[in-house]
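Any read-out appearing in this document is the output of simple, stated calculations on the displayed coordinates, not a laboratory observation. All of these numbers come straight from a predicted model, not from anything done at the bench. Here the Cβ positions follow ideal geometry from the backbone for every residue, glycine too, while neighbour counts run over all protein chains shown.
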Amino acid sequence: MILPFPHDRKVKNLLQDLLAKKISFEPGKDLQTPAVAAILRRDDGTVHAAITADLALVATVGTALAMSPARVAQEQVKTGKLSELSREATAEVFNVMSSLYNASGAPHVKLAEVSFHPADVMEALQPCLDATGRKALYEVTVGDYPVGHLNLLLVEVGASHRAGEIQSGPAVNRTGFDAWR
């Protein structure tokens, strides 16, 4: 079975539509210590994918979605403290983004958990990192807002990946971009 992985253009278009702002996407970096991790599960509880972002992207998404000025996001990045609004907005954007992993004939995927606590983020994300099959690494620029990073991960196909049973395997890093940029 082929599991859908979000196309770069669909991710960009979704964010652009939600934030109602022009967005620039460039190849990004692999986040070693993300500020947030979202775990996506299939209906049977199997871990399917993860979405991670750094503090700058969370601040940018939250303030841009609320139509607040870029200086509000810049202040959150400077202090290292995210507003509740930025956290809630990012969780909702990740919830909508989970739809990009769904396709006819493939298992249904939905957002299962979101963690904004740095110590918990890596713990929650570790099973997905150990079993990643595909990755998309983005650097996201939204106008004058802080430049942030977004990682999309798909758990390796064929591995046992129910919660607590994820096996590691070779990772394929997908950072190539199409000519649409």
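The peptide list 51-62, 3-14, put in order of mean Cβ contacts within 10 Å with the highest first, becomes 51-62, 3-14.
With the simple model of a label 7 Å out from the Cα in the direction of the Cβ, Glu113 to Asp144 spans 4.0 nm.
For the pair Ala106 and Gln16, the difference between a 0.36 nm per residue extended length and the Cα-Cα distance amounts to 29.8 nm.
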